[in-house]
1. Can you give the % of DSSP beta bridges in the stretch 37-146 that are antiparallel, to the nearest 5?
2. Which whole-number percentage describes the relative contact order of the stretch 75-146, with Cα contacts under 8 Å and a sequence gap of 6 or more?
3. In sequence order, what are the phi-derived ³J(HN,Hα) couplings for the stretch 28-45 according to the Karplus relation 6.51 cos²θ - 1.76 cosθ + 1.60 with θ = phi - 60°, rounded to whole Hz, with x for glycine and proline?
4. Which residue, chosen from 134, 115, 89, occupies the Cα position most advanced towards the positive end of the dipole of the stretch 14-146, where the dipole is computed from +1 (Lys, Arg) and -1 (Asp, Glu) charges on Cβ about the Cα centre?
5. Roughly how big is the stretch 11-146's charge dipole about its Cα centre, with Cβ charges of +1 (Lys, Arg) and -1 (Asp, Glu), in debye to the nearest 20?
6. Roughly speaking, what is the centre-to-centre gap between the stretch 20-94 and the stretch 104-146 when only Cα atoms are used, to the nearest Å?
7. Report the full-extension gain for the segment residue 31 to residue 140: residue separation times 0.36 nm, less the Cα-Cα distance, to one decimal in nm.
8. Find how much the distance from residue 83 to residue 100 grows on full extension, using 0.36 nm per residue of separation minus their present alpha carbon separation; answer in nm with one decimal.
Amino acid sequence: AKGSVASRLSDTSGAPRSARDNRAKFERAFSALVDDLTRANKRVVIVGPIPEPSFNVPHRLYVSRFGWASPPAPVTDYQDQHHVILAFLKRFEGRPGVSFIWPATMLCRGSVCATVKDDLPMYFDHNHLTVAAARSLAPLYQDQEF
């Protein structure tokens, strides 16, 4: 989380002491969940991360109109920003019963991801898509068989 202390996961063995241990706990639990679901013949659809600007998009757009800031820039470090989770999720590619939805395929061109479309913000803040931006991703979900 930007500018805050990351949450620690807890299970029957307690909470991890470090961010590295926290990530390992998440990865074990996520993998176990996917294994349990696929063994039960459930279809697993994993939704990848969305780009996260390092600033509040509507605020930046607003103040830029008065010349107090530059207009919102695109996110240019999507792959770098999410490299840990992207590498982890790649472990599930090709597994029977597991498919993916990648929002970045519609929000980005290469590793450059838009923050504004038609002079309107695509985010409520620095990491939550507006309703219009979320709706633009509907084709990704419609392609899935639920």
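1. 60
2. Relative contact order, the stretch 75-146: 29 percent.
3. Each residue of the stretch 28-45 in turn: 5, 5, 5, 4, 5, 4, 4, 4, 4, 5, 5, 5, 8, 6, 8, 8, 10, 10 Hz.
4. Checked the options; the winner is 89.
5. Once rounded to the nearest 20, the dipole reads 220 debye.
6. 13
7. Here the answer is 36.9 nm.
8. 4.5 nm
Only the coordinates and a few stated rules stand behind these numbers; no lab work does. Just so it is clear, the model here is predicted, and its values are computed rather than measured. So basically every Cβ, Gly included, is an ideal-geometry build from the backbone, and we count neighbours across all protein chains shown.
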